[in-house]
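A short write-up of the structure that comes next.
Please treat every number below as a calculation from the coordinates, not as lab data. What you are looking at is a predicted structure, and each value in this text was computed from that prediction instead of being measured.
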Amino acid sequence: MTSASELRSGKGDRDENFPVASWIIHPRHRALILAFYNFVRTADDIADHATLPPEEKLAYLDLLEAELNGKGDTQAEAVILRRALAERGMPPRHALDVLIAFRMDVTKLRYETWDEVIHYCRYSAMPVGRFMLDVHGEATSTWVASDALCAALQINNHLQDCGKDFRALNRVYLPRDALAASGASVEQLGGDHSPPQMLACLQSLAARNEELLNESKSLSAEVRDFRLGVDISVIQAYADRIVRLLKVRDPLRERVHLNKLELLTFSLAGIAGEIGRRAFHRRPISNPGPAHDA
């Protein structure tokens, strides 16, 4: 069997909607985070491969899982992650969860409801945030807000790439009931622009996703690690901007992504906001002393 590495699409961490192991994160964590990212990216590229038959995709995903669990040493991404996790005494639970989503990508091409999409995000996106929190030793109580943020990031991506996913993979993450409610059809995703019904569907989903994103606003304040809190604030700023764009733009007509100036602007805004918030909350409250009668 060909090495899974040879099936990589060429997409890397710089192509994501969020910074991967950015300079903000402490250097001691970056090797493990990149090992996790490369494992997930490889599995994602297998699931999304344009010509690989479904049964071969599933076989590769099974092989990655087996080697992540210590049964073999032929797939570099699995071996590197396994060893990096072992050095930190961490189980592979989150990477194994992500593989469930990639198997779904191979076998499930349509979603009936919003709840079905959230269930997919439980395995495709939420484990990534939980992994990052575990790496930093954060409490599992932070998972609730993290899950909301990661699911919202995933759904932003679904909306951004809805046309490409349909044309290249016949995969549609837009819930059937949302399409039906707007009078839109799956086939409209094959066009070069959205007719009014599809645009209404996409923008209503973006508005719903904005509500989900709002549920994650407490996350940066919940984490103890300063650098991680800043990183989360930057990611939140990116996601907020993208969802606002998706509420007014047509992703079938134009690429809805942040340009370099926007990335810089929202990075600085996120960093400044988090530093300011933490500085304010650490400021000692002066003792006014005993009250005196007038």
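Per DSSP H run of at least 4 residues, take -39500 (n - 2.57); add these up for the chain, divide by its residues and hand me the 222 nm value, nearest 500 deg cm²/dmol.
On the way: 13 runs with 185 residues, N = 294.
That comes out to -20500 deg cm²/dmol.
Under a 10 Å cutoff between Cα atoms, tell me which one of Gln188, Gln203, Gln154 has the largest fluctuation in the Gaussian network model of the chain.
Per the Cα network of the chain with a 10 Å cutoff, Gln188 tops the list.
With the convex hull built on the Cα atoms of the chain, state its orientation-averaged projected area in nm². If you can, show how the numbers build up before the last one.
Details: hull surface 78.6 nm².
For the Cα atoms of the chain, the hull's average projected area reads 19.7 nm².
Restricting to lysines 8 or more places apart or on different chains, can you count the pairs in the chain with Cα atoms under 28 Å from each other?
Summing the qualifying lysine pairs gives 17.
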